1. Considering only segment 74-87, state which residues are within 19 Å of residue 61 (Cα to Cα) and more than 12 Å from the chain's Cα centre (by Cα).
2. Under 7 Å between Cβ atoms, at least 6 apart or on separate chains: pull out the pairs that start in segment 39-67 with a residue that is within 16 Å of residue 102 (Cβ to Cβ) and end on any residue that is open to solvent by 80 Å² or more (accessible area, probe 1.4 Å) and in a strand (DSSP E or B).
3. For residues in segment 2-12 being within 13 Å of ligand 2 (Cβ to nearest atom) and over 18 Å from residue 95 (Cβ atoms), which is surrounded by the most Cβ atoms within 10 Å (Cβ to Cβ)?
4. For residues in segment 66-85 being in a helix (DSSP H, G or I), away from ligand 1 (no atom under 15 Å from the Cβ) and among the small types (Gly, Ala, Ser), which is surrounded by the fewest Cβ atoms within 10 Å (Cβ to Cβ)?
5. Using beta carbons and a limit of 6 Å, which pairs, at least six apart or on different chains, have the first residue in segment 1-12 and in contact (Cβ under 8 Å) with a residue 40 or more places away in the chain and closer than 8 Å to residue 46 by Cβ and the second one more than 11 Å from ligand 1 (Cβ to nearest atom) and not in a loop (DSSP other than H, G, I, E, B)?
6. Considering 41, 99, which residue is open to solvent by less than 40 Å² (accessible area, probe 1.4 Å), among the β-branched types (Val, Ile, Thr), modelled with pLDDT of 95 or more and assigned to a loop (DSSP other than H, G, I, E, B)?
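The values are calculated or read from the model by the stated rules, or taken from the named source; none is laboratory data. Note that the coordinates shown come from a computational prediction; the quantities given were computed from them, not determined experimentally. Note: ideal-geometry Cβ built from the backbone for every residue, glycine included; neighbour counts use all protein chains shown. Just so you know, the surface numbers come from the protein's heavy atoms only, side chains and all, with ligands and any DNA or RNA stripped out. Shrake-Rupley method; radii C 1.70, N 1.55, O 1.52, S 1.80 Å.
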Amino acid sequence: MSDCLFCKIRDGQIPAAVTFRDEDVLAFKDISPKAPFHQLVIPIRHLASLATATTEDTALLGKLMLVGARLARESGQAEGGFRVVMNAGADAGQSVLHVHLHVLAGRVLAWPPG
Ligand code: AMP
Ligand code: ZN
């Protein structure tokens, strides 16, 4: 989508600190980290929200989780613990309408979230 922030990052039109890329997913550091480790994992293909995802997206959504877990593990964050979060819709705080998995770690994460 031409007016999508994360499509622009995917296409190199907006810079980002990319940590992983393959044919399906892209990962980069969150510009406003909410924890010492905070990365976003997005699908290469524009997908607006988990709320509108379908069974066709099953493998892709699973891959976001596994890539997020691997990034946390390879950064030494798996032993202490990490959290993956996907906000869907305005009330949940989704501000960018391109699916993204937050991977947070590096501090004790409170529960429940706000
Ligand atoms: P959400 O509020 O769940 O939609 O998450 C959007 C996330 O994107 C927030 O954590 C922002 O800090 C992050 N973000 C916004 N713009 C950028 C950018 N240019 N590069 C990296 N992360 C960004
Ligand atoms: Zn997009």
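1. Within segment 74-87, just 82 meets the criteria.
2. Every condition considered, the pairs that remain are 39/29.
3. For segment 2-12, the residue satisfying everything is 11.
4. Applying the filter and picking the extreme gives 69.
5. From residues that are in contact (Cβ under 8 Å) with a residue 40 or more places away in the chain and closer than 8 Å to residue 46 by Cβ, the pairs are 1/7.
6. Values: 41 fails: assigned to a loop (DSSP other than H, G, I, E, B).
Among 41, 99, only 99 is open to solvent by less than 40 Å² (accessible area, probe 1.4 Å), among the β-branched types (Val, Ile, Thr), modelled with pLDDT of 95 or more and assigned to a loop (DSSP other than H, G, I, E, B).
Results for (1) surrounded by 15 or more Cβ atoms within 10 Å (Cβ to Cβ); (2) on the phi < 0 side of the Ramachandran plot; (3) not in a loop (DSSP other than H, G, I, E, B), shown as yes or no for each residue.
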site	(1), (2), (3)
14	no, yes, no
28	yes, yes, yes
32	no, yes, no
64	yes, yes, yes
87	yes, yes, no
